[in-house]
Structures are given as structure tokens and as C-alpha cells.
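Just so it is clear, none of the values below were taken in a lab; they were calculated from the coordinates. Being a predicted model, the structure only gives us computed values, none of them experimental. With ideal geometry, Cβ positions are generated from the backbone for all residues, glycine too; neighbour counts draw on all protein chains shown.
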Amino acid sequence: MTNITAIILTYNEQLHLERCFQSLRKINAHIIVVDSYSTDSTLEICRKYNVAVYQNPWVNHAHQINWAINNCDFKGEWIFRIDADEYLSDLLINNINVNIDNIGLEVNGIKIKRLMYFLDKPLKRGGMYPILHLRIWRKGKALCEQKYMDERMYLLEGKSITLEGDLIDYNLNDLTWWINKHNRYASLEAMDNLDKIYGFSNNSVIKGHFFGSSEERRRWIKMKYLNMPLFLRPFVFFIFRYFFQLAILDGKQGLVWTVLQCFWYRFLVDAKISEAYQKVGKNREALMRYFNL
């Protein structure tokens with residue numbers, strides 16, 4: 001009997017979807033796709049695998065996940081959030097199959113390590129691994145933070161455990177696609193950074209704490225980063241990730257990733273924040289109007 005339902009958000013994911021479906025079959029998951037009106041063969045692949053498809057206009061990841069939680073028909077006791085470009089390692093598949101039906105009622109969430117591939121190589125240094133994410137939860141026991149970027153699932157009650165094995169994030173698109181996507185993300189990241197300073201929404205549920213969970217510690221570090229001067233902090237971030245967190249040992253892929261993600265992307269975010277300040281100043285209401293909030 002299926003005891004877990006997987007939610008996949010899609011928009012033009014024909015490149016990845018079958019790999020994700022095939023992986024989820026190994027844990028006997030019921031699959032729900034929440035599509036944002038794809039124009040490629042995404043829906044044809046869904047029909048081929050006979051998965052349930054819902055369609056909802058895209059706002060952001062948090063909105064789409066919470067819409068799915070409130071509107072989709074789930075089978076079984078557990079919900080698994082997985083992206084179309086992700087799949088499960090053999091160890092994770094085995095641990096889910098062995099343990100999912102035997103988890104105590106005091107546990108409402110399961111955290112999983114994410115392993116990212118970049119330019120066909122896993123990134124195991126530079127602060128990229130292991131990063132734990134709450135990806136599996138009991139129905140009705142978790143929601144997604146309503147944030148512009150870097151949203152996380154959080155439990156409404158109960159505790160979480162960790163299952164060994166990796167959720168592998170292996171996107172097959174090229175660097176041009178990656179750069180275009182991160183240009184869009186930079187605008188959202190600029191809004192999210194300013195939200196932390198000016199309190200546009202105050203929707204962050206997971207708070208920063210150095211001695212807390214890995215997610216709380218990352219949020220604490222993020223706030224220290226935001227207190228640094230614009231345009232200086234990307235240099236500091238690159239140096240910290242590349243040399244102190246040893247991304248240098250990941251070879252060419254580590255260098256390209258750290259330059260693009262930890263320097264170029266962060267510099268672009270700062271440029272967009274600086275542009276907003278230049279155009280409307282540092283007044284909270286003026287910044288909200290500038291970003292159409």
C-alpha cells in the first residue's frame with residue numbers, strides 16, 4: 001500500500017521528469033505534479049506515467065507548495081517534497097522503504113541530505129554538503145515559509161528525524177539556462193534581503209541561531225552577511241567558501257560554482273539592491289512600491 005505522496009512542481013521539466021518518476025517508483029510513491037502551464041512535453045510525460053496533475057498559476061515556490069498542501073488529494077500518511085531535477089540515492093530509497101511504516105507518532109518530519117551536482121560533478125565541499133532539508137512530513141503537520149527566496153518547510157508540531165542517504169540535485173540544463181535563472185533569482189533575493197532589514201512581510205518562520213539546527217545556523221550566518229557593506233560581502237563570501245570551506249578541493253567545478261554562485265550571483269543581488277536605493281531611497285514604503293509588494 002502506498003504510504004507516501006510526492007509533490008513535484010513543474011514548468012517545462014521534460015528534461016528531468018522521467019528520471020524523477022522512475023526514482024519515486026522505487027519507494028512506491030503516489031505522485032502529484034503541480035504544473036504551472038508547461039509548454040513542452042511535461043504533461044505528456046505525466047500521462048505516460050499516469051500521475052495526478054494539477055495546474056495552478058505560478059507565484060513563487062512557497063505559494064505553490066502551500067497551494068498543493070491545501071488543494072491536492074494525498075494518499076497515505078506522508079508527503080514528500082521533491083524537485084523535478086532531483087532523485088533519490090539507493091541508500092535513501094532503502095532507508096525510506098525500511099523505515100517509513102515504523103516511525104513513531106512523536107515524529108512528524110524527516111530531514112534528508114541534499115547532494116548537488118554541478119557540471120557533472122558532486123559538490124561535497126564549500127559548505128554545499130551535507131545540507132539537511134525537511135522534505136518528508138506527515139499530512140497536516142508542515143507548511144512552507146512564505147518567503148521570496150530560500151523558503152523552507154517547517155513543522156507545525158512534533159519533532160523530526162534524519163534518514164541516511166542523499167537526495168541528489170542534478171540539473172541537466174546548460175550554463176546559459178543557469179545564468180538566466182539566477183538573474184531572475186537575484187531580483188527575488190534582493191527583495192528577500194531587504195525584507196529581513198525592513199520587514200516587508202515578516203514571514204520567516206525559521207529564525208537564525210548559531211547553536212540551533214543546521215538551518216537555524218545558516219540563517220544566523222545569513223544575517224551576519226547582510227550586516228556587511230554592499231559589494232564587499234560577495235568578496236568575503238567567495239573567500240570563505242573557496243578557501244576556508246575548501247571548495248578549492250572540488251577542482252574546476254568547485255571554482256566555477258564558487259565564482260558564479262558565491263561571488264557573481266551575490267554581487268548581482270547587491271547591484272539590484274543598490275539600484276533600488278538609488279531610485280527610491282531607503283524608505284520602507286517606497287521600496288515596497290518599487291518591488292510591487
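Any residue at all in the stretch 228-236 that is in a helix (DSSP H, G or I), within 20 Å of Gly127 (Cβ to Cβ) and of a type in the set (Val, Ile, Thr)?
The answer is yes; a qualifying residue exists.
Name the one entry in Lys181, Lys224 that is surrounded by fewer than 17 Cβ atoms within 10 Å (Cβ to Cβ), farther than 25 Å from Val59 by Cα and of a type in the set (D, E, K, R).
Just one listed residue meets the conditions, Lys224.
Kindly list, by first and then second residue, each pair from a residue in the stretch 204-222 that is touching a residue at least 24 places away in the same chain (Cβ under 8 Å) and closer than 18 Å to Leu143 by Cα to a residue that is of a type in the set (Asp, Glu) and surrounded by fewer than 16 Cβ atoms within 10 Å (Cβ to Cβ), limited to pairs with Cβ atoms under 8 Å and residues at least 6 apart or on different chains.
Correct list of pairs: Ile206/Glu216.
What number of residues within the stretch 158-206 are β-branched (Val, Ile, Thr) and not in a strand (DSSP E or B)?
Within the stretch 158-206, residues that are β-branched (Val, Ile, Thr) and not in a strand (DSSP E or B) number 5.
For residues that are part of a strand (DSSP E or B) and over 17 Å from the mean Cα position of the chain (by Cα), scanning just the stretch 36-86, find the one that is surrounded by the most Cβ atoms within 10 Å (Cβ to Cβ).
Among them, the one singled out is Trp78.
Give me a count of the residues in the stretch 1-38 that are out of contact with any Asp or Glu (no Cβ under 8 Å at 6 or more places or on another chain), among the polar types (S, T, N, Q) and more than 19 Å from Tyr170 (Cβ to Cβ).
Qualifying residue count, the stretch 1-38: 4.
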